[in-house]
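Below is one structure; the comments refer to it alone.
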Amino acid sequence: MKSFQAHLFTKNSQLPTFIPPRPYFVHNNKRYLNFMNIDCLSLKSDDYLKEIACQSIETSGILPANGKIKIMDDIHGIMTELKNIDSLLIFPDEISAVFAALSIFDPKTTFFVDYETSPSIIAVLEHRNLEYYSHNDIGQLTKLLAAKTEKVIFIDGIYEWLGNIAPINELIKVAKEFECFIVANELNSFGLLGRDGRGFIDLFNAYEEINIEIGSFHKYLGGFGCYIGAKKYLINKIRDNVYNINDTMPQFMLAVNLAGLEIIKQFGDKKSRYQTLWKNSRYFITRLKQIGFKTKSETPIVVVSFRNNQETQEFVKGLIRHQIIAISNRERIRFCLSVEHSREDLDFCLDKLEQLGRELGTLG
């Protein structure tokens, strides 16, 4: 569970110090809708995955790793099937994974990242040769790439504070034209986009164009940590550079990752969950626009833009009073829809958004 911003609650609200990582919860006999977590398939609170973790701890403990080799082989087998990956490494968090991936590049290398890319990528790159580009301005990117020799570009699947899908084909075309090494950011798209959640590389059939991909097990699969996938020779280089950084994950976490992969693999036979999630997201986004809110989102990660940070904070506080919890960043509020959110839940949220918009003067 994650702590929430306590200063946003009034003294009389008596909300919990911690917000359960579930799509909804009951507190003081009130039902709250929770849109904070990027957990669209609602696997972070899945009972089966909890059982897998408990069984692994009971049989192997937390620290011993007697079965890690077998689990890693099984994970590699499923990832090869789902992602067409030649080889992979698993890391405890996004920062470690990004740091490891960058370890194979020369200090003179220039890295190109979108303004809307994941914060963990920016955090690692901020002390390197860094150039920002806008996915809405391919001409600008072309000029930036033309001015450099050794260059690496990060291409995102879903922008987590826009909720839309990147123009993958256009970005890959420009990157190839200027002989740019391509790193695919699947942190926000693996488990959600593509066939049965295989990611944006699958959605755009970009397997041959991508050099390295970085993805997450914890955002949609209910698991832990992140992976790096690439050709075997690149993975060997990364492994040599980072030593034992990828051996720090307990066996039970890997067991949960494996179980999460098996679940989304089974979704191929149970497409109704994906279909329901995407159908509800299209409904939610369409209603938002009809009401008069500004959003560029086209996925279950729905971001609404406001005029300024103050207006955003007033909206967040108002939503809490109406038993709706979302997360904000500057002039944006993000609603992460879950397959467990019913159409009635979405209508309730939309009605309260419209009511607040009228009260605060955001809507006409």
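The values are calculated or read from the model by the stated rules, or taken from the named source; none is laboratory data. A quick note: this is a predicted structure, and the numbers were derived from the prediction, not measured. Here Cβ is always computed from backbone atoms with ideal geometry, including for glycine, and neighbour counts include all displayed protein chains.
One line per residue, one yes/no per condition, for (1) buried (at least 21 other Cβ atoms within 10 Å of the Cβ); (2) touching a Gly at 6+ places or on another chain (Cβ under 6 Å); (3) among the basic types (Lys, Arg); (4) over 18 Å from Val124 (Cα atoms):
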site: Leu145; (1), (2), (3), (4): no, no, no, yes
site: Asp156; (1), (2), (3), (4): yes, no, no, no
site: Glu160; (1), (2), (3), (4): yes, no, no, no
site: Gly163; (1), (2), (3), (4): yes, no, no, yes
site: Ala166; (1), (2), (3), (4): yes, no, no, yes
site: Glu177; (1), (2), (3), (4): no, no, no, yes
site: Ala184; (1), (2), (3), (4): yes, no, no, no
Pick from the stretch 18-39, criterion over 19 Å from Glu344 (Cα atoms) and not in a loop (DSSP other than H, G, I, E, B), ranking: modelled with the lowest pLDDT: Phe18
Selection count, the stretch 91-110, where residues are under 23 Å from Ala147 (Cα atoms) and surrounded by 17 or more Cβ atoms within 10 Å (Cβ to Cβ): 4
Subset of the stretch 275-331 [out of contact with any Lys or Arg (no Cβ under 9 Å at 6 or more places or on another chain), aliphatic (A, V, I, L, M) and closer than 30 Å to Asp196 by Cβ]: Leu277, Ile285, Ile325
Residue selected from the stretch 115-144 under the condition part of a helix (DSSP H, G or I) and more than 13 Å from Asn185 (Cβ to Cβ), by the criterion farthest from the chain's Cα centre (by Cα): Lys143
Filter result (over 19 Å from the mean Cα position of the chain (by Cα), closer than 19 Å to Thr299 by Cα and of a type outside the set (Asp, Glu)) within the stretch 316-352: Ser342, Arg343, Leu346, Cys349, Leu350
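Being in a helix (DSSP H, G or I), free of Cβ contacts under 8 Å to residues at least 12 places away in the same chain and among the basic types (Lys, Arg), is that true of even one residue in the stretch 76-92? Show your work before the answer.
Just the residues of the stretch 76-92 that are in a helix (DSSP H, G or I), to begin with: 76-83.
From what's left, free of Cβ contacts under 8 Å to residues at least 12 places away in the same chain: 77, 80.
Filter once more, keeping what is among the basic types (Lys, Arg): none.
Looking through the stretch 76-92, none of the residues is in a helix (DSSP H, G or I), free of Cβ contacts under 8 Å to residues at least 12 places away in the same chain and among the basic types (Lys, Arg).
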Failed criterion for Gly223 (all others in (1) touching a residue at least 40 places away in the same chain (Cβ under 8 Å); (2) surrounded by fewer than 20 Cβ atoms within 10 Å (Cβ to Cβ); (3) farther than 20 Å from Glu116 by Cβ hold): (2)
Residue list for the stretch 276-291, filter: surrounded by 13 or more Cβ atoms within 10 Å (Cβ to Cβ), over 18 Å from the mean Cα position of the chain (by Cα) and of a type outside the set (Lys, Arg): Thr276, Asn280, Tyr283, Phe284, Ile285, Leu288, Ile291
Which numbered condition Lys2 misses (of (1) of a type in the set (D, E, K, R); (2) at pLDDT 85 or above; (3) under 30 Å from Glu314 (Cβ atoms)): (2)
Filtered residues of the stretch 71-129 (kept if touching a helix residue (DSSP H, G or I) at 6+ places or on another chain (Cβ under 9 Å) and either of a type in the set (Gly, Ala, Ser) or not assigned by TED's automatic domain parsing to the domain that holds Lys232 (or both)): Ser87, Ser96, Ala97, Ala100, Ala101, Ser103, Ser118, Ser120, Ala123
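Which ones in the stretch 16-63 are among the β-branched types (Val, Ile, Thr) and within 19 Å of Met249 (Cβ to Cβ)? Break it down into steps so the answer makes sense when it comes.
Of all residues in the stretch 16-63, those among the β-branched types (Val, Ile, Thr) come to 17, 19, 26, 38, 52, 57, 59, 62.
Answer for the stretch 16-63, where residues must be among the β-branched types (Val, Ile, Thr) and within 19 Å of Met249 (Cβ to Cβ): Ile52, Ile57, Thr59, Ile62.
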Hits in the stretch 172-216 (condition: assigned to a helix (DSSP H, G or I) and more than 20 Å from the chain's Cα centre (by Cα)): Ile172, Lys173, Val174, Ala175, Lys176, Glu177
Residue list for the stretch 286-311, restricted to those being touching an Asp or Glu at 6+ places or on another chain (Cβ under 7 Å) and within 23 Å of Asp39 (Cα to Cα): Ile301, Ser305
Given (1) of a type in the set (D, E, K, R); (2) out of contact with any strand residue (DSSP E or B) (no Cβ under 7 Å at 6 or more places or on another chain); (3) under 20 Å from Ile238 (Cβ atoms), index of the condition Glu94 fails: (2)
Residue match in the stretch 273-288 (condition: modelled with pLDDT of 95 or more and β-branched (Val, Ile, Thr)): yes
